[in-house]
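These notes are about the structure you will find just below.
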Amino acid sequence: MLSTGSVTAGRVSLPPSLLFRSPPQRSGLTSLAPFDPDSIARRGSRSKLRIGNFITFSGSPGIWGPAATNSALLAVSEINRRGGILGREIELSFYDSGGPVEEVVARARDALDFDEIDVVMGSHISAVRLALRRLTRGRIPYVYTPVYEGGERTPGVMAIGETPHSQTRPAIHWLAENKGAKRWYLIGSDYVWPWQSHRSTKTYITEAGGHVVGEEFVPVGNDDHEAHLARIRAAKPDVVLISLIGTDCITFNRAFGESGLAATTLRLAGAVDETVLLGIGADNTENLYSASGYFSCIGSNANDAFMSRYTAMFGTDAPPVGSVGQSNYEGLRFLKAAAERAGSLSLHPLAAAGRNIVYSGARGDVAIRHGRAAMVMHLAAADGLDFRIIRTF
């Protein structure tokens, strides 16, 4: 059953007032109470481990909120059933990381100063991570779970998601070798993940003997793609590489399919998982490929066990779990492994242990080497509302 902000083994109900937190209204306060260094010691002495999970429930990336929530709750129930982390039961709170970045930072400041969370876990866009890491640095550990652009080196921030070198590079080479892809058009949302990822992607395209015939960045929340499709049609690419986020990716791919371009032009996406695919619809997925470290169709003992427990806990009609949602499960499994290796949940020993470790999750064994995740990567083709793995790297 569910107690205030915590999850234990068994059937789970989700009263929003207990799990989802918004910043308290404090008239006229633009900055909160000064940081109290003794608060870290107080936090460490409590019997429960308070984790603040910053998941996006609103805006374009909000489509991943339900699956991300379920995945985190499943991990907490498993970990608490086995005694928690270093003997401390996890007490989990969710905070919306959607909306203006300054509002997310205000929620995080409240979570640190008033809710006294011990660990931040984040499944949100990189623009939010860049803001939150300034707040958490030197204070508490911050586990960042989804696919991102790479290069995170902030002390105390532990990123475990796919990065372009392992995710996009092999897929580009496979499409060049097997589909004759040479002409590439890049389109992404206008923020840091697509900006930085495209820089790397251009190098990989050149390596594979191709060249870029067009590139553009679309404001987050823009769902009018007529002009973008007109430019793509004029450029005549072999492949459109898509780095659009959430519902923006859905509306673009729907329009792409309805325009007739899908029949003649390949698509490669870095953030199209089962959740996004469902939104795109079966009629608009022709010639759509996705590269990821996780698909729910992966045939492995680790994933079969994860999917079985997910279905048992949330039912056969639960939100489909894809890479972004499932990463919240991985984040808690990673945190447990790093804490046990460090023998501590304190910031510095935990972060040091997390830089070089192997942990197990739904993706199987994932190795973190020098702060970068090394995992098996999959290239999948959309097949209606499902994925079909066509190559594992």
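Could you sort 321-329, 199-207 so that the peptide with the highest average Cβ count within 10 Å comes first and the rest follow in order?
Ranked from most to least packed, the peptides come out as 321-329, 199-207.
For the stretch 308-314, take each phi angle, set θ = phi - 60°, evaluate the Karplus expression 6.51 cos²θ - 1.76 cosθ + 1.60, and give the result in whole Hz per residue in order, putting x for glycine and proline.
Computed from phi, the couplings for the stretch 308-314 are 5, 5, 4, 5, 4, 7, 10 Hz.
If the reach is capped at under 13 angstrom between alpha carbons, list the aspartates and glutamates near LYS179, excluding any in the same chain fewer than eight residues apart.
Once the sequence-local aspartates and glutamates are set aside, what remains near LYS179 is ASP238.
For a distance above 18 Å, tell me the whole-number percent of Cα pairs in the stretch 35-184 that qualify.
Here the long-distance tail beyond 18 Å is 63 percent of all Cα pairs in the stretch 35-184.
Pop out the carbon and sulfur fraction of the accessible area of the chain as a percent, whole number, probe 1.4 Å.
50
How large is the helix-only mean residue ellipticity at 222 nm for the chain, computed as the sum of -39500 (n - 2.57) over DSSP H runs with n ≥ 4, divided by its residue count, in deg cm²/dmol to the nearest 500?
-12500 deg cm²/dmol
If I stretch the segment between THR203 and SER58 completely, what's the gain in nm (0.36 nm per residue apart, minus their alpha carbon distance), one decimal?
Once the chain is fully extended between THR203 and SER58, it gains 48.8 nm.
Could you report the chain's accessible area per residue, 1.4 Å probe, as an integer in Å²?
Ligands and nucleic acids excluded, the result is 40 Å² per residue.
List the aspartates and glutamates whose Cα lies under 18 Å from the Cα of LYS48, skipping any in the same chain that are fewer than 8 positions away.
ASP38, GLU78, GLU89, GLU91, ASP113, ASP115, GLU116, ASP118, GLU340
Considering only DSSP beta bridges where both residues belong to the chain, give the percentage that are antiparallel (nearest 5).
Around 35 percent antiparallel, to the nearest 5.
Can you give the Rg and Dmax of the stretch 298-339 based on its C-alpha atoms, in angstrom?
Final numbers for Rg and Dmax: 11.2, 34 Å.
Give the peptides 100-112, 211-223, 52-64 in descending order of average Cβ contacts within 10 Å, highest first.
Ranked by mean Cβ neighbours within 10 Å, highest first: 52-64, 100-112, 211-223.
With equal scatterers on the alpha carbons only and no solvent term, can you work out the Debye log10 of I(q)/I(0) for the chain at 0.08, 0.14 1/Å?
-0.40, -1.20
The values are calculated or read from the model by the stated rules, or taken from the named source; none is laboratory data. Just so we're clear, the structure is a prediction, and the values are computed from it rather than from any experiment. Because the Cβ atoms are built from the backbone with ideal geometry, glycine has one as well, and the counts that use them run over all protein chains shown. Quick note on the areas: whole protein, heavy atoms, side chains included, nothing else; ligands and nucleic acids left out. Shrake-Rupley method; radii C 1.70, N 1.55, O 1.52, S 1.80 Å.
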